[in-house]
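Working notes, beginning with the structure itself.
The numbers here are math on the coordinates, done by the rules we state, and not lab data. Not measured: the values here are computed from a predicted model. Heads up, the Cβs are rebuilt from the backbone with ideal geometry, glycines too, and the neighbour counts pull from every protein chain shown.
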Amino acid sequence: MNLFGKPAKVLLLLLISGSSYAQQQNTITVHAAKDKTTISKYIYSHFAEHLGRCVYGGFYVGDTSKIPNTNGVRNDIVAALKKMKIPSLRWPGGCFADTYHWKDGIGPKDKRPALVNKWWGGVTEDNSFGTHDFLNMCELLGTDPYLAGNIGSGTVQELADWVQYVGSDNKNPMADLRRENGRDKPWSVRFWGVGNEAWGCGGNMTPEYYSNEFRKYSTFMTGDKLFRIASGANSADYHWTETLMKNIPSHLMEGVALHHYSVIEWNKKGPAVKFTDDQYFRTMKSALFMEELVTKHSAIMDKYDPQKKIALVVDEWGGWYDVEDGTNPGFLYQQNTMRDALIAGVTLNIFNNHADRVRMANLAQAINVLQAVILTDKEKMILTPTYHIMEMYNVHQDATLLPVEVSTKDYVFGNEKLPAVSVSASVDKAGVTHITLTNIDPKNAQDIDINLEGSAFKGVTGRILTSKSLQDHNTFEVPDKLKPVAFKDASVKAGKLKVKLPAISIVVLELKK
Ligand code: AHR
C-alpha cells in the first residue's frame with residue numbers, strides 16, 4: 001500500500017497513464033515516498049556475451065597484450081565501468097549461453113578446446129576467457145556476476161556442477177577441481193539464468209515444456225541464496241509469462257526475465273547514425289513501449305505473486321540497428337548517438353517507476369555490441385552517450401523511489417505522437433533528492449513546472465547531456481564531443497521547481513535543502 005491507500009501497482013498505472021498524450025503543458029508532481037520502494041541498483045546492470053568484440057578485444061585482450069591489462073582484462077575499461085557503477089554483469093550469453101559448456105573454459109588455456117561460435121559470425125572461440133577469467137574480472141570491477149546456464153544443449157548435471165564449482169566451500173569433486181585450477185575460495189555468485197530465450201535460440205520450446213525443464217534444472221541447483229531467473233518472454237508474449245507463473249512453484253524461482261529491443265522492424269532496422277526522422281520516431285515508440293510491457297507483465301505476475309516476491313528481470317534491452325558498414329554482420333557492432341542516450345533515459349525512468357517489480361535489468365551489451373556503453377578500436381576506447389546516461393542516472397541506485405505524476409506535451413510526428421517528457425525521482429540514503437528528466441522532442445524545448453511534495457528545497461544543481469542533432473555521437477577522433485555539462489536552467493522558488501529542458505536532452509537534478 002502507499003500514500004493513496006492503493007496497491008503500488010494501481011498507483012503506478014494511475015501515475016503513468018497521466019503521462020500519456022494530449023496534454024498541453026508540462027507539469028510534474030514529485031510525491032514524498034510513503035511506501036519505501038527501493039530502486040534496486042541491479043536495474044543498472046549490463047550484459048557481456050561471447051559475441052563480436054564484446055569479450056575478446058572489448059573486455060579481454062589477453063595478458064600478453066601491449067594494452068595495459070590485469071590478467072588480460074583492459075585496465076581502461078575497468079576504470080571506466082567502475083566510475084559508471086556497474087552493479088551486475090550477465091555472461092556468457094545470450095544465445096551463446098545455450099551452446100556453452102563451462103568445462104571447456106577452465107584449466108590450462110592451451111588445453112582448452114577451440115570451437116566455432118555458431119550464433120555469432122562463425123568465428124573460432126578458443127575458450128581463453130572462461131569461468132575464472134570472468135569471475136576474477138567481476139571482482140576487479142566490483143560487480144556481482146550473473147551466470148547464464150545452458151539448458152538448450154546442456155544437462156541438469158552440467159549446470160548443477162557449475163553451481164558447485166563456483167560456489168561450494170565443501171569437499172566435493174567440483175570444489176576440488178576449482179582448487180586444482182588455482183582458486184581456493186569460492187566466488188560469490190547469486191544470480192543464475194536458467195537458459196536464455198528458451199522460446200527461440202535457447203531451444204525453441206513451448207512455455208509449458210520450458211516450465212517443466214525449469215523446475216527440473218532449478219531443483220538441482222544448490223547453494224546459498226541463489227537467485228534463479230527463468231528465461232522470459234519475447235516482448236509482448238504475455239502467454240509466456242502467464243504459463244511460467246502458473247506452472248513454476250515460487251520456491252524454485254526468484255526472477256522471470258523479459259527481453260525487449262527498441263527496433264523498427266527486424267528485417268528493416270535502419271542505420272545507427274544516418275537515421276531519418278521517421279526512423280527516430282519509430283525507435284522511440286518502441287523504446288516507450290517498455291512502459292506497457294512492464295505494466296502488463298507485472299499485472300500477470302501480481303495475479304500469482306501478489307506479494308511481489310518474484311522479480312521481473314529485463315535482462316536484455318536497448319536499441320538494435322544495422323551493423324556499421326564493413327563490419328562482420330554477426331558481430332552486431334553499431335555506433336551510439338543521442339538517440340541511444342534518449343532510449344537509455346526514458347527506459348531507466350520506466351524501470352525506476354516500476355521498481356516494485358522490476359528489480360534487475362541488463363543493457364545489451366556492454367562493449368562493441370548493440371547499445372554499448374563503450375566502443376574500442378585496438379588500444380583506443382570511447383565512452384558513448386549511453387555510458388554518460390548510465391553514469392548520470394547512477395544516483396538512483398538503491399535509492400528510495402519517489403512516485404511522480406506527469407502531464408506532458410506531445411512530441412508530434414505526422415499523425416502520431418509520443419509523450420515528450422519522461423521523469424523519475426528518488427531520495428538516496430544520505431537524504432538527497434534526485435530527479436532525472438528527458439525531452440525526446442527533436443525540435444521543441446520544454447518548460448516544466450515541478451511541484452515538490454513533502455520537503456522544502458532551497459536550491460537545485462544539475463547536469464545535462466544534449467546536442468544539436470540526434471545523430472551526434474562520439475568518435476575515436478573526437479571522443480568527447482558529447483559529455484555531460486553543468487545544467488543552469490533549473491530554479492526553485494517558493495517550493496516550486498522550474499526547468500527548461502532543451503530539445504534532445506537528458507538532465508539529472510539534485511535538490512538542496
Ligand atoms: O544480444 C544479442 C542477442 O539478442 C542475444 O544473444 C539473444 O539473447 C537476443 O536475441
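For segment 436-471, the residues whose backbone nitrogen is under 16 Å from a point 7 Å from the Cα of residue 277, taken along Cα to Cβ, are 440-445, 469-471.
Once every DSSP H run of n ≥ 4 in the chain is given -39500 (n - 2.57) and the sum is divided by its residues, what mean residue ellipticity at 222 nm do you get, rounded to the nearest 500 deg cm²/dmol?
After summing the helix terms and dividing by residue count, I get -7500 deg cm²/dmol.
Charge dipole of segment 405-512 (Cα centre as origin; +1 on each Lys and Arg Cβ, -1 on each Asp and Glu Cβ, all else neutral): 380 debye, rounded to the nearest 20. Backbone amide hydrogens, once placed in the peptide plane, bring residue 262 within less than 5 Å of 318, 319, 320, excluding anything fewer than 5 places away on its chain. By the scheme Lys and Arg +1, Asp and Glu -1, what is the net charge of all other residues having a beta-carbon under 12 Å from that of residue 105? Overall, the nearby charge balance is 0. Partner lysines whose Cα lies under 26 Å from the Cα of residue 409, excluding those fewer than 8 positions away in the same chain, are identified as 9, 285, 296, 417, 443, 468, 488, 493, 496, 498, 500.
The packing ranking, built from the mean of other Cβ atoms within 10 Å per residue, places the peptides 180-187, 121-128 in the order 121-128, 180-187, highest first. Note on the chain: with charges restricted to the Cβ of Lys and Arg (+1) and Asp and Glu (-1), its dipole about the Cα centre is near 1360 debye. Could you list, in their original order, any pairs among 103/216; 185/246; 82/185; 111/185 whose Cα atoms are separated by more than 31 Å? Pairs exceeding 31 Å: 185/246. Of the residues 336, 320, 92, the one whose Cα sits farthest towards the positive end of the charge dipole of the chain is 336 (charges of +1 on Lys and Arg Cβ, -1 on Asp and Glu Cβ, taken about the Cα centre).
Restricting attention to the chain, close to 60% of DSSP beta bridges with both partner residues there are antiparallel.
Ordering 424, 193, 361 by Cα displacement along the dipole of the chain toward the positive end leaves 424 in first place; charges were set at the Cβ atoms of Lys, Arg (+1) and Asp, Glu (-1). Looking at the square roots a ≥ b ≥ c of the eigenvalues of the Cα gyration tensor of the chain, which shape do they give, rounded for a/c under 1.5, prolate if a/b is larger than b/c, or oblate? In terms of gyration-tensor shape, prolate. The charge dipole of segment 253-372, taken about the Cα centre with unit charges on the Cβ atoms of Lys, Arg (+1) and Asp, Glu (-1), comes to about 240 debye, rounded to the nearest 20. Among the trypsin sites (Lys or Arg not before Pro) found in segment 244-286, those both in a DSSP coil and sparsely packed, with 15 or fewer other Cβ atoms within 10 Å of their Cβ, are 268, 274. Near residue 31, once Lys and Arg are set to +1 and Asp and Glu to -1 for all other residues with Cβ below 12 Å from its Cβ, the sum equals -2.
Taking other residues whose beta carbon is less than 15 angstrom from the beta carbon of residue 413, and scoring Lys, Arg as +1 and Asp, Glu as -1, yields +1. Among the DSSP helices (H) of the chain, those spanning at least 30 angstrom by Cα along their long axis with an average Kyte-Doolittle hydropathy of -1.0 or more are 277-304; this is a geometric and hydropathy rule only. Sites listed here are chymotrypsin sites (Phe, Trp or Tyr not before Pro) in segment 265-347 whose DSSP assignment is loop and whose Cβ has at most 15 other Cβ atoms within 10 Å: 266. Would you mind classifying segment 405-512 by shape? Square roots of the alpha carbon gyration tensor eigenvalues, ordered a ≥ b ≥ c; an a/c under 1.5 is rounded, otherwise it is prolate if a/b is larger than b/c and oblate if not. It is oblate, given that a/c is not under 1.5 and a/b is not larger than b/c.
Each of the peptides 379-391, 352-364 was scored by the mean count of other Cβ atoms within 10 Å over its residues; in descending order, highest first, they stand as 352-364, 379-391.
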